[in-house]
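*Asks:* Okay, handing you the structure first.
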């Protein structure tokens, strides 16, 4: 069997299973389990698949994917901000949209900045920030002990000599912090799906991401209210608050920030042109 034939076989089955992006998933399966490089996939499709490739394992992977198990869970990792993060059902799978939030936080730092990442999950945001900045420090909080264990492993694997710059703490948002503990930048990708909307999500999300990381309450805004209302106790004057949002939540989140005294509030769009991040600054006075 050549590369093109195997690619067509995999992609056809994923398409029939209703997979959202069968072409992308096929490429990942070929790379991970058939040792097919991108150059061979597109420039040498008639090349024979290597004889030592485990076709039984590829069949297992396709079958799992047909059952709508997330490919990231099957592989056990995903790429975020150029780093490989371990993933599991214990935390939300990092998504490309969240890279927008991380990149915006990178615009706001200076050497020695302190970052706080609420609802850290896999730790992908805060770990990437520490890895990509100079002499910065971070705290990631999460209510889930299992998510924090996962985040800790990711930080261990990625940060090397910067590992001591990042601490994870268990607790409900700011409850994990010490009294008066302050940060230059607070970021969060909190649960923001309306409770009634969860059942309508793709199976990969509703059945495999923890509901604790999805459910934003009746209106999807419960965590935004809590994060914004509590931010002034843990954000330095002039500090930035950056929140990932759902596509239709910008106006509501911006109003909550305004009500709580934040200034220079703005919304950043993602690659698809959808509202994705709301930023506000805690005034100096």
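*Asks:* Being modelled with pLDDT of 95 or more and in contact with a strand residue (DSSP E or B) (Cβ under 6 Å, 6 or more places away or on another chain) is the filter; apply it to segment 39-77 and report the residue that is farthest from residue 148 (Cα to Cα).
*Replies:* 72
*Asks:* Related question: Identify all residues within segment 231-285 that are within 20 Å of the chain's Cα centre (by Cα), more than 16 Å from residue 221 (Cα to Cα) and part of a loop (DSSP other than H, G, I, E, B); write none if there are none.
*Replies:* Once the filter is applied, which keeps residues that are within 20 Å of the chain's Cα centre (by Cα), more than 16 Å from residue 221 (Cα to Cα) and part of a loop (DSSP other than H, G, I, E, B), segment 231-285 yields 270, 271, 272, 273, 274.
*Asks:* Among the residues of segment 102-112 satisfying the criterion of being touching a strand residue (DSSP E or B) at 6+ places or on another chain (Cβ under 7 Å) and surrounded by fewer than 23 Cβ atoms within 10 Å (Cβ to Cβ), which is nearest to residue 162 (Cα to Cα)? Before you say what the answer is, go through the steps one by one.
*Replies:* Of all residues in segment 102-112, those touching a strand residue (DSSP E or B) at 6+ places or on another chain (Cβ under 7 Å) come to 104-105, 108-109.
Add one more test, that the residue is surrounded by fewer than 23 Cβ atoms within 10 Å (Cβ to Cβ), and what stays is 104, 108-109.
On the way: 104: 21, 108: 20, 109: 17 Å.
Within segment 102-112, the match that is nearest to residue 162 (Cα to Cα) is 109.
*Asks:* OK, next. Looking at (1) out of contact with any helix residue (DSSP H, G or I) (no Cβ under 6 Å at 6 or more places or on another chain); (2) in contact (Cβ under 8 Å) with a residue 24 or more places away in the chain; (3) assigned by TED's automatic domain parsing to the domain that holds residue 206, which is the only condition residue 103 fails?
*Replies:* That leaves (2) as the condition not met.
*Asks:* Looking at segment 48-78 only, could you name the residues that are loosely packed, with under 14 Cβ neighbours inside 10 Å and not in a helix (DSSP H, G or I)?
*Replies:* Across segment 48-78, the qualifying residues are 48, 50, 51, 52, 54, 67, 76.
*Asks:* Looking at 269, 255, which one is surrounded by fewer than 18 Cβ atoms within 10 Å (Cβ to Cβ) and within 16 Å of residue 98 (Cβ to Cβ)?
*Replies:* Details: 255 fails: within 16 Å of residue 98 (Cβ to Cβ).
Checking each option against the conditions leaves just 269.
*Asks:* For a quick check of your reading: which helices (runs of 4 or more DSSP H) sit entirely within segment 1-44 and have at least 2 residues that are closer than 18 Å to residue 56 by Cα?
*Replies:* On the way: elements: 3-16, 22-33, 38-43.
Once the helices (runs of 4 or more DSSP H) in segment 1-44 are filtered for at least 2 residues that are closer than 18 Å to residue 56 by Cα, what remains is 3-16, 22-33.
*Asks:* While we're looking at this one, here's another question. Determine whether residue 180 is part of a loop (DSSP other than H, G, I, E, B) and either buried (at least 21 other Cβ atoms within 10 Å of the Cβ) or not assigned by TED's automatic domain parsing to the domain that holds residue 250 (or both).
*Replies:* Numbers: part of a loop (DSSP other than H, G, I, E, B): yes; either buried (at least 21 other Cβ atoms within 10 Å of the Cβ) or not assigned by TED's automatic domain parsing to the domain that holds residue 250 (or both): no.
So residue 180 does not fit the description; no.
*Asks:* I'd like the full set of residues that are buried (at least 19 other Cβ atoms within 10 Å of the Cβ) and closer than 17 Å to residue 256 by Cβ, limited to segment 195-226.
*Replies:* Residues satisfying the conditions are 216, 220, 221, 223, 224.
*Asks:* Quick one: how many residues across segment 7-36 are under 15 Å from residue 74 (Cβ atoms), more than 25 Å from the chain's Cα centre (by Cα) and surrounded by 20 or more Cβ atoms within 10 Å (Cβ to Cβ)?
*Replies:* Residues meeting the conditions: 2.
*Asks:* Still on this structure, please answer the following. Within segment 115-129, is even one residue touching a residue at least 40 places away in the same chain (Cβ under 8 Å), outside any helix (DSSP H, G or I), in the same structural domain as residue 210 (by TED's automatic domain parsing) and surrounded by fewer than 19 Cβ atoms within 10 Å (Cβ to Cβ)?
*Replies:* No - not one qualifying residue is present in segment 115-129.
The values are calculated or read from the model by the stated rules, or taken from the named source; none is laboratory data. Owing to the predicted nature of the structure, the values given are computational and were not obtained by experimental measurement. For neighbour counting, all protein chains shown are included, and Cβ atoms are generated from backbone atoms with ideal geometry for every residue, glycine included.
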